[in-house]
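FYI, it's all coordinate maths here, none of it is from the lab. No experiment lies behind these values; they were computed from the predicted model shown. Cβ placement follows ideal geometry from the backbone for every residue including glycine, while neighbour counts extend to all protein chains displayed.
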Amino acid sequence: MTVVIVGASLAGIRTAQALRRQGYDGELVIVGDEPHPPYDRPPLSKDMLTGEGEAVPLLSRAELEALDADLRLGIRATGLDTRRRVVRTEAGEIAFTDLVIATGVVPRGLPGMDGLAGVHTLRTLDDAYALREELRHARRAVVVGAGFIGAEFASSATGRGLGVSVVEVQDTPMGHLFGDEVGARLAKLHELNGVRVHTRARVACFTGDGRVEAVLLDDGRSLPADVVVVGIGAEPATGWLAGSGLPVDDGVHCDENLRVLGHPGIHAAGDVARWRHPLYPEPLRIEHWTNAGGHASVVAADILGTPPPRAQVPYVWSDQYGRRIQIVGRPALGKPARMAGDIETGPFAALYADEDGTVVGALVVDDPRLLMKCRKAIANRDRADGPALGFGSPVPDRR
């Protein structure tokens, strides 16, 4: 038996470890397109940019030896033949009995950024090294997109003394996920830390001769910039699966055990997987660390024919300006039902409910105890107006 894992980041490495931990003693091949030993991604937008920190390895030397895997780094997967059960790569074909697709995502770009020095995306270790070098000399930064990556970079750049502007196409930062009332509070968090937030704004072009000098907005405003980070989301890294016959549409479609629909012996894990979660009616695709790690045990159990662990409530965190923002559940599936606290002065929380009043998600800032209560309420499908939580004030329905 040969298990091939395409993707050497968190989902792929943790799946390999889970297989060994659960007793798999067959051949294990891990293919990764980056040349670096597997590393943790969250520090790339935080510690890697604010200081002189190096990559945080996912495996110690002892763990790598115990894994007993054929780790092939710096090799890109180029195709998949499901009939012959082989993965095609730049270095040749690899036959598999079971396949795990854990290729993650690739960041979206903007027209005109390729070949223009000073304009970056932030996804890989090389991206972080390049940005850190830029920050040594830059005075002004522009961030395009106020999502997690953009906000974390803004926080890191501000901490290094740069003047930072954030450009966001929506009415408020992450308003499509958390609603504009909460989005306005996230904007305030930026502003309290000296960041200028430009909402309802689109990038028309970048200006500069060989190197970026400014970001021109569609309303004519020009934002001077020594460095620009484009953080406008990412797309599943599924280009190599073209022609494979796998169900691919904003991710690889899977069942609740991460089996690719209609393709026995093939699983997907992490950011690239779109799978069915028992708490939610529609398939989910979640781009975050905890989701990738959680998938590993499920995939390993299914490959080995053992009972999978219980699905956990989705969880995401982001560190910004010394504050910890934590999200449980799926707030975008509901609307804010209750709010508590003041993000300007201390902890803050927003509880989200669907049309029936059932708790579907929560955003919590600097209150871990309340976060645990919200997680439990989501798992139990409690009502937002029930006694289990009982915090804050109701949010008026403005429909």
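Given the peptides 114-126, 80-92, 350-362, arrange them by the average over their residues of other C-beta atoms within 10 Å, most packed first.
Final packing ranking: 350-362, 114-126, 80-92.
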Checklist line | Cα-projected label distance for Gln22 with Glu235, points at 7 Å along beta-carbon direction, nm | finding: 3.3
Next item on the list: Name the most mobile residue of Cys254, Cys205, Cys374, meaning the one with the largest mean-square fluctuation, in a Gaussian network model of the chain with Cα contacts below 10 Å.
Entry: Cys205
Check: Taking K and R as +1 and D and E as -1, what net charge do the other residues with C-beta under 15 Å from the C-beta of Arg85 add up to?
Finding: -1
Note to self: Going by amide H atoms built from the backbone, whose H comes under 5 Å of the H on Arg202, apart from near neighbours?
What the structure shows: Asp218, Asp219
Margin query: List the residues, sorted by chain then number, that are 5 or more residues from Glu235 or on another chain and whose placed amide H is less than 5 Å from its amide H.
Written below: Val106, Arg108
Item checked: HN-Hα J in Hz across the range 167-179 - Karplus 6.51, -1.76, 1.60, θ = phi - 60°, x for Gly and Pro -> 10, 10, 6, 7, 5, 9, x, 6, x, 5, 9, 10, x
Notebook entry, point to check: ³J(HN,Hα) across the range 37-50 via Karplus (A = 6.51, B = -1.76, C = 1.60, θ = phi - 60°), whole Hz, x for Gly/Pro?
Noted result: x, x, 9, 8, 7, x, x, 4, 9, 10, 4, 5, 9, 8
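Quote the relative contact order of the range 108-232 in percent (integer), defining contacts as alpha-carbon pairs under 8 Å separated by 6+ residues. Mind showing how you got there, number by number?
Values: 247 pairs, mean separation 43.9, N = 125.
RCO, the range 108-232: 35 percent.
Working out 0.36 nm times the residue gap between Asp219 and Arg84, then minus their Cα-Cα distance, what length gain in nm do you get to one decimal? Show your work: numbers first, answer last.
Working: separation 135, 0.36 × 135 = 48.60 nm, distance 5.44 nm.
That works out to 43.2 nm of additional length.
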Checklist line | Inter-site label distance for Arg61 and Arg108 at 7 Å from Cα along Cβ, in nm | finding: 4.4
Note to self: Using only DSSP helix segments of four residues or longer, with each worth -39500 (n - 2.57), what per-residue ellipticity at 222 nm results for the chain after dividing by its residue count and rounding to 500?
What the structure shows: -6500 deg cm²/dmol
Margin query: Based on the alpha carbons, how large is the Rg to Rh ratio for the range 108-232 when Rh follows Kirkwood?
Written below: 0.94
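Run through the DSSP bridge list for the chain and note the antiparallel percent, rounded to the nearest 5.
Working: 49 of 82 bridges.
Within the chain, antiparallel bridges account for around 60 percent of the total.
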Note to self: Of the candidates Asp250, Asp209, Asp180, which one comes out as most mobile in a Gaussian network treatment of the chain with C-alpha springs shorter than 10 Å?
What the structure shows: Asp209
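What FRET efficiency comes out for Arg383 versus Asp342 if R0 is 25 angstrom and r is the Cβ-Cβ distance? Round to the nearest 0.05. List each step's numbers first, then the result.
Numbers: r = 25 Å, r/R0 = 1.01.
Plugging the Cβ-Cβ distance into 1/(1 + (r/R0)^6) gives 0.50.
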Notebook entry, point to check: Can you pull the percent of Cα pairs in the range 142-187 with separation above 17 Å?
Noted result: 29
Notebook entry, point to check: Taking H as built 1.01 Å from N, whose amide H comes closer than 5 Å to the amide H of Thr78, not counting residues under 5 places away?
Noted result: Arg88, Thr89, Glu90
Next item on the list: Pick out which of Lys188, Lys373, Lys335 has the largest mean-square fluctuation in a Gaussian network model of the chain, springs linking Cα atoms closer than 10 Å.
Entry: Lys373
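After finding the eigenvalues of the alpha carbon gyration tensor for the chain, what semi-axes result from the square roots of 5 times each, listed largest first in whole Å?
On the way: eigenvalues 242, 168, 68 Å².
So the three semi-axes of the chain are 35, 29, 18 Å.
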Note to self: Quick check: the distance between the Cα centres of the range 119-141 and the range 171-200, to the nearest angstrom?
What the structure shows: 23
Check: So how far, in whole Å, is the C-alpha centre of the range 344-384 from the one of the range 319-335?
Finding: 10
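Wrap a convex hull around the Cα atoms of the range 197-349, take a quarter of its surface area, and give that in square nanometres.
The directionally averaged projection comes out at 13.9 nm².
Below 8 Å, C-alpha to C-alpha, sequence gap of six or more: please give me the relative contact order for the chain in percent.
On the way: 900 pairs, mean separation 58.5, N = 399.
Relative contact order for the chain comes out at 15 percent.
At 10 °C and a viscosity of 1.306 mPa s, what translational diffusion coefficient does Stokes-Einstein give for the range 322-380, taking Rh as the Kirkwood radius over Cα pairs? Give it in µm²/s as a whole number. The partial results should precede the final answer.
Numbers: Rh = 11.2 Å.
The Stokes-Einstein estimate is 141 µm²/s.
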Item checked: Reciprocal mean inverse distance between Cα atoms of the range 197-239 - Kirkwood radius, Å -> 11.9
